[in-house]
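Let me begin by presenting the structure, written as C-alpha cells, before commenting on it.
What follows is calculated from the coordinates using simple rules that are stated; it is not laboratory data. It should be emphasised that the depicted structure is a prediction, and the values quoted were computed from it without experimental measurement. Because the Cβ atoms are built from the backbone with ideal geometry, glycine has one as well, and the counts that use them run over all protein chains shown.
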Amino acid sequence: MRAVIETLADDGSWTELRGGYGPGMITGFLRIEGRPMGVIANDPRFLGGAIDGEGGEKAGRFMQMCDAFGVPILSLCDTPGFMVGPDSEKGAGVRRGSRMFVIGAALRVPFFTVVLRKGYGLGAQAMSAGDFSAPAMILAWPTAEFGPMGLEGAVRLGYRKELEAEPDPEKRQAMFDARLTRMYEVGKAVSVAEVLEIDAVIDPKTTRTWLIRGLKSCPVDHKMPRRSFVDVW
C-alpha cells in the first residue's frame, strides 16, 4: 500500500503520521500536482487490512484534523471489514471504529475513495465517509471486490439452511461453489459499477490522473454540505 501511495504522490511529498500506532491503518499527507491531500489507507499486511479499534480511532482523528484545516481526503480501501471477536470487543473496537462514521457524517472537505482490492461490509463504508454515495468520487481498480462481508463467509451464513438441508456432501459442496461463484460475479468491480454503486472502474496507472481531475472539480476551499449522522444510515 505504501508503494501505491508513493506512486500517487508528488516526488518527496509523502509524509506518514503515527506510523507506530494502529499499524493496520496508514495516515499521512501528500501532494498531487502541488495540492495537499490527507490519506487514509488500509494496510493488508496487518490483520489482512481489517479495521481494528486502534485503526478506526486513528483514521477518525486524522479525518477530523483534515476537515478542520480544509484538506481534501483520499481513502485507499483494501479491507475485509471491521475486526470482530472477543479481543476486539475488549478493546472497544465498536466504539472506536464508529468514530470513522461519526466524523465522516460531518465532513465538509472533498473526499475521494479508491478501492484497490477488498471492499467488504461496514469497513468499506467507513473508508468511504460512511456510505458509497458520500465521496465526491469513488473509483475501483479491476481487482476490486465488493460484498457484505468476506464472500465465503457470506455464502455459509446466508445459505446455511439450504446447505444444511442437503445430505449429500458432494452436492452440498457443489451448491456452495455455485453460490460462491455467483457472489464473486456480482461483487466484481465492473458489476458494481453497472448498477451505479461506484463511479468508475479504472486502469490503475490512471489513478493519479483521475484524482487530479477530481481535485480540479472541487476547489481547495470547497466545503461539502454538513450531514447528520443519521443520513449515512
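As an exercise, find the ratio Rg/Rh for the stretch 152-194 from alpha-carbon atoms, using the Kirkwood inverse-distance average for Rh. Working shown, then result.
Values: Rg = 11.9 Å, Rh = 11.0 Å.
Result for the stretch 152-194 is an Rg/Rh of 1.08.
Evaluated at q = 0.10, 0.16 Å⁻¹, the base-10 log of the normalised Debye intensity for the chain, with identical point scatterers placed on the Cα atoms, takes the values -0.46, -1.10. In this structure, THR181 and ASP203 have a Cβ-Cβ separation that, at R0 = 22 Å, corresponds to a calculated FRET efficiency of about 0.30.
Relative to the longest principal axis of the Cα atoms of the chain, helix 207-217 runs at roughly 60 degrees. Taking the chain as the reference, fit the longest principal axis to its C-alpha atoms, fit the long axis of helix 53-68 to the helix C-alpha atoms, and give the angle between the two in degrees, 0 to 90, nearest 10. The angle comes out near 30 degrees. Taking trypsin sites (Lys or Arg not before Pro) across the stretch 44-109, the ones in a DSSP loop with at most 16 further Cβ atoms lying within 10 angstrom of their Cβ are ARG45, ARG108. For the chain, the longest principal axis of the Cα atoms and the long axis of helix 169-187 meet at an angle of about 20 degrees. Listing ASP52, ASP199 from fewest to most neighbouring C-beta atoms within 10 Å gives ASP199, ASP52.
Before anything else, pin down the relative contact order of the chain: Cα pairs under 8 Å, at least 6 apart, normalised by residue count, whole percent. Don't skip to the end; give the middle numbers.
Values: 455 pairs, mean separation 40.8, N = 233.
Dividing the mean separation by the residue count of the chain yields 18 percent.
Per-residue ellipticity at 222 nm, computed for the chain from helices alone with -39500 (n - 2.57) per DSSP H run of at least four residues, works out to -11500 deg cm²/dmol. Of the chymotrypsin sites (Phe, Trp or Tyr not before Pro) found in the stretch 31-116, those in coil by DSSP whose Cβ has at most 14 other Cβ atoms within 10 Å are PHE69. Relative to the Cα centre, the charge distribution of the chain, modelled as +1 at Lys and Arg Cβ and -1 at Asp and Glu Cβ, gives a dipole magnitude of about 580 debye.
What do you get for GluC sites (Glu not before Pro) in the stretch 3-75 restricted to DSSP loop and a cutoff of at most 15 other Cβ within 10 Å of the site's Cβ? Intermediate results must be reported in sequence, preceding the final value.
Working: sites: GLU6, GLU16, GLU33, GLU54, GLU57; in loops: GLU33.
In loop regions of the stretch 3-75 (DSSP not H, G, I, E or B), the sparsely surrounded GluC sites (Glu not before Pro) are GLU33.
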